[in-house]
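Down below is the structure, laid out as structure tokens.
Please treat every number below as a calculation from the coordinates, not as lab data. Just so it is clear, the model here is predicted, and its values are computed rather than measured. Backbone-built Cβ (ideal geometry, glycine too); neighbour counts: all protein chains shown.
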Amino acid sequence: MKRYVILISGRGSNMESLLDAGLPGECAAVISNRPDAAGLESAAARGVATVAIDHRGFASREDFDAALAAEIDRRAPDLVLLAGFMRILGDDFVRRFEGRLLNIHPSLLPLFPGVKTHAQALAAGVRVHGCTVHFVTPALDGGPIIAQAAVPVQAGDDAATLAARVLAEEHRLYPRVARWFLDGRLQLLDGRACLLHEPAATGALHVPAAD
Ligand code: GAR
């Protein structure tokens, strides 16, 4: 059976959606860089091994990355899922796991990389926003895009209401992509995400909707 590891930093709702999706694989560990991450408790409640590696205890980013990589390697995972993991990972770490390292980001990349993506979307005045699952490469939020989900930006939205609408789609999108990977349908090939037997998307989201 394939094995996967999930990295979190906080609440862990994406992690929960992955653990609750009945993926064709075993979650070997949930690892947090913050010992107080609420998600560690909900992972343990689901019977998953949890590990906290406090990044504040390391002299350098490289030292933290090396400790994290060693902890992941002990589990020999086929797939590593960043799920609200809010530390920037160095090039050596990313290269070590390249091709089996995925991230979910709360915007339609390449728009709005970094943090405060919902506030960025509102400030830009876009009418469509969403989330992206991508392979992680050394370029921050810049790796090959695998899948995206779009939501409308509604009149009266603030960052919190928009974030909630996007988050609901994150919880649908990430488990779908993880399943493709664990089923052997998804790979990183020549710098592009390749999905076998890709289901065609149909229809379009018009915002405002047509009268
Ligand atoms: C999610 O919205 C995720 O997309 C985002 O953090 C949130 C974590 O929530 N990730 C990033 O911004 C990564 N750059 P969660 O802990 O409830 O899954």
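Observations on the model:
- Positive contributions from Lys and Arg (+1) and negative ones from Asp and Glu (-1), summed over other residues with Cβ under 14 Å from the Cβ of GLU170, come out at +1.
- MRE, 222 nm, helices only [DSSP H, n ≥ 4, -39500 (n - 2.57), over the chain, to nearest 500]: -10000 deg cm²/dmol
- For region 135-211 and region 42-65, distance of Cα centres in Å: 27 Å
- Two-decimal Rg to Rh for region 1-133 - Kirkwood Rh, Cα set: 0.98
- Taking label positions 7 Å along the Cα-Cβ direction at both ALA201 and ALA168, the computed distance is 1.8 nm, reported to one decimal.
- Region 96-157, relative contact order [Cα under 8 Å, separation at least 6], %: 36 percent
- Label separation (ARG192 vs ILE145): 1.4 nm, computed from points 7 Å beyond Cα along the C-beta direction.
- For the chain, the relative contact order is 19 percent, taking Cα pairs closer than 8 Å that sit 6 or more residues apart in sequence and dividing their mean separation by the residue count.
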